[in-house]
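The values are calculated or read from the model by the stated rules, or taken from the named source; none is laboratory data. None of the values given here were measured: they were computed from a predicted structure. When we count neighbours, we look across all protein chains shown, and the Cβ atoms used for this are built from the backbone with ideal geometry, even at glycine. These accessible areas exclude ligands, DNA and RNA; they are computed on the full protein's heavy atoms, side chains included. Shrake-Rupley method; radii C 1.70, N 1.55, O 1.52, S 1.80 Å.
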Amino acid sequence: MKITLKVWRQKDAKDKGRFETYKLDNVTEHMSFLEMFDVLNEELIQKKETPIAFEHDCREGICGTCSMVINGRPHGPLQGTTACQLHMRMFNDGDTIVVEPFRARAFPVLCDLVVDRSAFDRIIQSGGFISVNTGQPQDANSLPVPKEVAEASFSAAACIGCGACVAACPNASAMLFVSAKVSHLNLLPQGKVEAKRRAQSMVKQMDLEGFGNCSNVTACEAECPKEISIKNIARLNREYMSSAVGSETEV
Amino acid sequence: MKLDGKIPAGALAEKWTKYRSSMPLVAPHNKLRLDVIVVGTGLAGASAAASLGELGYNVKCFTFHDSPRRAHSIAAQGGINAAKNYRNDGDSVHRLFYDTIKGGDYRAREANVHRLAEVSGSIIDQCVAQGVPFAREYGGLLDTRSFGGTQVQRTFYAKGQTGQQLLIGAYQALSRQISLGKVQMYNRHEMLDLVMVDGKARGIIARNLVTGKLERFSAHAVVLATGGYGNVFYLSTNAMTCNVTAAWRTVRRGALMANPCFTQIHPTCIPVSGDYQSKLTLMSESLRNDGRVWAPKKKEDAQAIREGRKKGKDIPEEDRDYFLERKYPAFGNLVPRDVASRASKAMCDAGHGVAPTGLAVFMDFAAAIERYGRSRASAQGIHNPDKDTITALGEKVIDEKYDNLFAMYEKITGENAKKTPMKIYPAVHYTMGGLWVDYNLQTNIPGLFATGECNFSDHGANRLGASALMQGLADGYFVLPYTIGTFLAGEISTPRISTDLPEFAAAESETRARLLGFLSVNGKQSVESFHRRLGRIMWEYCGMARNAEGLTKARKMVQDLQAEFQSDLFVPGTLDEFNPELEKAARVADFMELGELMIVDALNRNESCGGHFRTEYQTEEGEAMRDDEGYAYVAAWEYGGMGKEPVLHREDLIFETVKPTSRSYK
Amino acid sequence: MSWASKFLTSSIGKKLIMSLTGLFLILFLVVHLIGNLQLLTFLTDDPADKPGMAFNLYAEFMTTFTPIKVVSYGLYAFILIHAVQGWMLWRQNVQARGPIGYAVKDLRAVNTNARAAARMGWLGTIIFVFLVLHLYQFWLQMKIGTLAPVTYDGKTVADLYSVVAQTYANPVFVAVYLISMFVVAFHLWHGFQSAFQTLGLNHKKYTPAIQVIGKIYSIVIPLGFALIPVMMYLQSLNA
């Protein structure tokens, strides 16, 4: 396969950045999208040029490190798939593919396709946990959790924190990420103790980080590699309203 | 140097309890004055950093990732073992201990393994309390499943994402400590050297990967939780950035590397498809609960499949060789990983392999789909279901149980493994070897601790499935927080360590010189190409089967490659910028040094045990032949200096409770 | 900041305001359409009805009956709040993307129209401009008393009907109206179900019904409104 790549190049956070075009002649369909980048980088190094910086790690679709927008879609055209699990058989010979970094004010570009997603960490630090010290808990089976609840919690917990929801949202809103974490914990009995505080603190931090406001466009769910549902956003809305208005908790 | 494992006296089952109540403690007000550096934020690192923070220590935690949630623990799929006996199937702490030490082919310390089994139950309690959404039954209680090398169902799981859920639990605990100010988190910082002051580990040199600047950090003790070195083989199931550099740099400062040749080859990975391949993807061992491994009996069938003339499902039942079930009837498809891997390799070597490369066997779910389909149909009150109904229902059960695994397989290979058997082949997965540590998880350098896959301590020559998560969390939550006190209790009057000490300046300038060295070679070949070549040498000669002749040859090859690396490497860019190629260069340079040591260790160990299979030492049936007389010891290697032989230190393994016997899964 | 202002200025609070005011406007549209359908009484051939009588009496009632007047001030406020809050959100959301946008856009959505959903700001702005025109043409004339009086059975009221009839005899205004209703339909297509999602109502059993009702509503209501100027234009051709 022959592929033309238009890739965003930006030396560092201060650089203005621009698209560069690269032509690849021997791409095979079994290659992953990132392996195509490996091949391109090897060619660039051979020419003593600077290889393209892109983030990746596990290449199994679970670590959430990859952060590129491929032809206008975070993680590319295949639904429920991270960029690293995307294979070239999804493209056709002669295609031109445009690759950009995740774009959000809260995710500044550091270099080429690498962005800073530490805003997500700060949101988790604001309340995305259950306050239990090591060694305190009682026996695991002393707290039965209905299977349906455990599964709803699990499907929210499947979030890999990649930020595709923010990248996909026309408003760069982080509601899907925040709501997935709030849902994961607030659904479980052990998470209920701090549920009120959690919903308020995490929304507060999300707003401070400069993410946009959710307007229910649902692009987040459409592009989420773990197919996390906007039902979680509705749940966060409920949790937040009942906490901020209906409870005495205030953060 | 006399290696002292510091194993407490007394009966095996009481060692840990007794020791725990007699070890030195650090009072709460003194903990506030003590700094601890934790390098790595996988299960072992995040759990340790969080627990130490909870105790009151000032923790500085480092990861080279953009966030402490990315470490490769996240990719563990199948589950975590714990001796809870919730199934009432005869499990116990002793049985988990016994399975683990036997699974490790009697090359681990009894006391460490027993402690691991003892704390296993608390891990599940802790994780559930943190909100880890483990799989549950309709009654709301925890579900478990089987894993290799055991005859009980003690593996707790969260679909195919157990590692992710456990890591997120630890990450959340860590995040809480960060928010409380007890842990100072340094993302995108890579440890490049250990700083020693007066013979004790007192700090690290780390490179800020965004700015490229070298930075100094000091503490009273340093904990390494930096994972394994499987990427020395280039192709492995490890993440792309997994590396040995942090651990290897401490070896260069005097820490000992124990049993480096013990690497685990996982039997069920997606086979290699081409030269461009960057990594291999694991298919969880849990699949062997329901997947039957086979190869065609007839070589001509295998040939036809390789050439695309036939498909797996075209082979009639009588022409299939379910070789694991045939060879090991007692454990069947759930034999330990080393045994399964070797059996698959033997089938392929004998010409029964099925991928175009000849390097794959089948894992078939048709029988399980039918079994589950019938059971689900009967549960739904469907009598005399037709074949399509059974298949549809059965596939649904498989989806529920293995969720993402089949989807992942399809994304990578383009094939639906519910319709046609999965192709699998062994691949490097885990390294049992690692930094030598005593019972306190302290290396031979005072103040330097190693936890998780980074140390060597619990898995002997082969790790059982679902035990890595257990060990990482055991070390981080329930062992290190106690044992680090044995060292820190002696440091309560040591003031905060200054980073202006000459030792810090020296380490920083050495690191700078080393990195500038890579940049100044200005040759022709990329780091990646060297890494690929190193991987090929290691896989060929120090992989699933090894022999003295090949190892000797490989050592020379690695040395030559090192020389070529020093003269023909090309690293673009500069030191003071975001430069992934420079990061890789430093890692690959260390992989080469480690690779050579692995070969030396494999050559030294004239026996076959667990993941270490020397072709000279096998039974007539091709099973591993251990030599307990000669090699029941931990081989801890001291770095000898550039171009010098490493020095072997032996720690004899003393078995007081179990009798090492020939491992049989028949 | 008090808890209430913290709540109302949070991203979810702001959305809640959009949702509640939006839902009120959705209700209003139904009432407004029912009232306006009285413009079409000429279609019924009722011998008791003089042209525009029903509508003019209705308009008189709506502008003089006190409870209705109170509600109408609420309505003006809600329109303004919905518009101003919407603009502020729009501005913030554009800023949140950052200085550089995407070179290639390929927006996907689940259960809503991605194009409409992503352009609520533009659609809302067009509707607002239309509203200004609409209010100027009819509401303002009624308020400042420029309308000619008309007497039915001894009761004198302003003849709003004739102004409406005149306006929609002009094809330009009819076209403006039709385009606006098209925009309203798109705005509602996303807005209707979105309002419920914002309120936290996303339920396996009920959401599908909300989705369907929302789609029917966002077609039927603007279509009903659009019918009026079209019929009046056709009527003007007959006259």
Just to verify a number: what accessible area does C:Lys50 come out at with the full protein assembly present, 1.4 Å probe, Å² rounded to tens? 100 Å²
Mind checking the angle between helix B:404-413 and chain B's longest principal axis? C-alpha axes, 0 to 90 degrees, to the nearest 10. 80 degrees
Could you give the nm distance between label points at A:Asp12 and B:Arg371, where each point is 7 Å from its Cα heading toward the beta carbon? 6.0 nm
Across 5 Å bins beginning at 0, the whole-percent shares of Cα-Cα pair distances in the range C:31-78 come to 5, 19, 24, 22, 13, 9, 6, 2, 0
Find the percent of Cα-Cα distances in chain B that exceed 41 Å, and round it to a whole number. 25 percent
Any idea which of C:Asn111, C:Gly74, C:Leu131 is furthest toward the positive side of the dipole for the range C:2-158, if Lys and Arg beta-carbons carry +1 and Asp and Glu beta-carbons -1? C:Asn111
Taking 56 Å as R0, compute the FRET efficiency from the Cβ-Cβ separation of B:Ala13 and C:Ile81 and round it to 0.05. 0.20
Translational diffusion coefficient of the range C:3-238 at 25 °C, 0.890 mPa s, Stokes-Einstein with Kirkwood Rh over Cα pairs, in µm²/s as a whole number. 123 µm²/s
Given 5 Å bins starting at zero, what is the percent of C-alpha pairs of the range A:118-244 in each, up to the one with the largest pair distance? 2, 12, 21, 24, 20, 12, 6, 3, 1, 0
5 Å is the cut-off here: which amide hydrogens, built 1.01 Å from N in the peptide plane, fall below it relative to B:Gly203, excluding neighbours closer than 5 in sequence? B:Val195, B:Ala219
Please tell me the relative contact order of chain B in percent, rounded to the nearest whole number, where contacts are Cα pairs under 8 Å and at least six residues apart. 21 percent
Projected area, mean over directions - chain A, Cα convex hull, nm²: 15.7 nm²
As a test of reading the structure, rank C:Val129, B:Val479 by solvent-accessible area (1.4 Å probe, protein chains only), most first. C:Val129, B:Val479
Whole-Hz Karplus ³J(HN,Hα) for the range B:463-472, in order, using 6.51 cos²θ - 1.76 cosθ + 1.60 and θ = phi - 60°, x for Gly and Pro? 9, 7, x, 6, 9, 5, 4, 4, 5, x
Residue (of A:Thr21, A:Tyr240, A:Cys66) at the positive-pole extreme of chain A, dipole from beta-carbon charges: A:Tyr240
Could you let me know the centre-to-centre spacing of the range A:1-66 and the range C:114-149, using Cα atoms, in angstrom? 51 Å
Cβ-derived FRET efficiency at R0 35 Å, B:Lys311 paired with A:Tyr22, nearest 0.05: 0.40
For the range C:136-239, go through all pairs of different Cα atoms, get the mean of 1/r, take its inverse, and jot down that Kirkwood value in Å. 16.4 Å
Could you give each residue of the range B:67-74 its phi-based ³J(HN,Hα) in whole Hz, using Karplus coefficients 6.51, -1.76, 1.60 with θ = phi - 60°, and x for Gly or Pro? 8, x, 9, 9, 3, 6, 3, 4
Please give, to one decimal in nm, the separation of the simple spin-label points placed at C:Asn113 and B:Ala350, each 7 Å out from Cα toward the Cβ. 6.6 nm
Under the definition of Cα pairs under 8 Å and six or more residues apart, what whole-number percent is the relative contact order of the range C:130-222? 22 percent
For the range A:242-250, what does the Karplus curve 6.51 cos²θ - 1.76 cosθ + 1.60, with θ = phi - 60°, yield as ³J(HN,Hα) per residue in whole Hz, taken in order and with x for Gly and Pro? 5, 6, 6, 9, x, 10, 7, 5, 9
With every protein chain kept in the model, how would you rank C:Trp122, B:Trp248, B:Trp539 by accessible area, 1.4 Å probe, largest at the top? C:Trp122, B:Trp539, B:Trp248
Violations at 30 Å Cα threshold for listed pairs A:Lys16/B:Lys213; A:Lys192/B:Lys401; A:Lys47/B:Lys553 -> A:Lys47/B:Lys553
For the range C:131-192, radius of gyration divided by Kirkwood radius, i.e. Rg to Rh on alpha-carbons: 1.11
Between the Cα axis of helix B:502-521 and the main Cα principal axis of chain B, the angle (0 to 90°, nearest 10) is 50 degrees
Compute, for the range C:3-238, the length of the dipole vector about the Cα centre, with Cβ point charges of +1 (Lys, Arg) and -1 (Asp, Glu) only. Units Debye, rounded to 20. 1360 debye
Mind checking the range B:127-213 for chymotrypsin sites (Phe, Trp or Tyr not before Pro) that DSSP puts in a loop (not H, G, I, E or B) and that have at most 11 other Cβ atoms within 10 Å? B:Tyr138
Calculated FRET efficiency for the pair C:Leu227/B:Glu325, C-beta based, R₀ 60 Å, to 0.05: 0.20
Can you name the helices of chain C, as whole DSSP H runs, whose Cα span along the helix axis is 30 Å or more and whose Kyte-Doolittle mean is not below -0.5? C:11-36, C:66-97, C:171-198, C:207-238
Rounded to whole angstrom, the alpha-carbon centroid of the range C:25-40 lies from that of the range B:254-285 at a distance of 70 Å
Based on a Kirkwood Rh over C-alpha pairs, give the Stokes-Einstein translational diffusion coefficient of the range B:1-72 at 4 °C and viscosity 1.567 mPa s in µm²/s. 88 µm²/s
Rounding to the nearest 10 and keeping the result within 0 to 90°, find how far the Cα-based axis of helix B:548-568 lies from the longest principal axis of chain B. 60 degrees
The equivalent-ellipsoid semi-axes of the range B:502-632, taken as the square roots of five times the Cα gyration tensor eigenvalues and listed largest first in whole Å, are 36, 17, 11
Area projected by the alpha carbon convex hull of the range B:319-403, averaged over all directions, nm²: 7.5 nm²
As a test of reading the structure, rank C:Met142, A:Met90, B:Met642 by solvent-accessible area (1.4 Å probe, protein chains only), most first. B:Met642, A:Met90, C:Met142
Check B:Val428: other-chain or 5+ apart residues with amide H under 5 Å from its amide H, H built from backbone geometry? B:Thr237, B:His266
Size of the range A:3-111 along its principal axes in angstrom, Cα-based, largest extent first? 37, 34, 23
Considering only protein heavy atoms, what is the solvent-accessible area of B:Ile382 at a probe of 1.4 Å, reported in Å² to the nearest 10? 60 Å²
Keeping to pairs on different chains or 8 or more places apart, tell me how many lysine pairs in the range C:3-238 have Cα atoms under 15 Å apart. 4
Counting only DSSP loop positions in the range A:1-98, the trypsin sites (Lys or Arg not before Pro) whose Cβ has at most 12 other Cβ atoms within 10 Å are A:Lys2, A:Lys14, A:Lys16, A:Lys47, A:Lys48
For the pair C:Lys50/A:Gln46, report the inter-label distance in nm, with labels modelled 7 Å from Cα in the Cβ direction. 9.3 nm
Per 10 Å bin from zero, what fraction in whole % of the C-alpha pairs of the protein assembly as shown is there, up to the bin with the longest pair? 2, 9, 17, 21, 19, 13, 7, 5, 3, 2, 1, 0, 0
For the range B:283-389, run through the GluC sites (Glu not before Pro) and keep only the ones in DSSP coil with at most 14 other Cβ atoms within 10 Å of their Cβ. B:Glu307
Give the cross-link partners of B:Lys313 among the aspartates and glutamates, using a straight C-alpha distance below 16 Å as the criterion and excluding same-chain residues fewer than 8 apart. B:Glu300, B:Asp301, B:Asp321, B:Asp364, B:Glu370, B:Glu415
Given H placed on each backbone N at 1.01 Å, which residues far from B:Asp321 in sequence or on other chains put an amide H within less than 5 Å of it? B:Ala295, B:Lys297
Rolling a 1.4 angstrom probe over the protein chains, ignoring ligands and nucleic acids, what is the accessible area of B:Tyr430 in square angstrom, nearest 10? 10 Å²
If you average 1/r over every pair of different alpha-carbon atoms in the range B:69-128 and take one over that average, what Kirkwood value in Å do you get? 12.7 Å
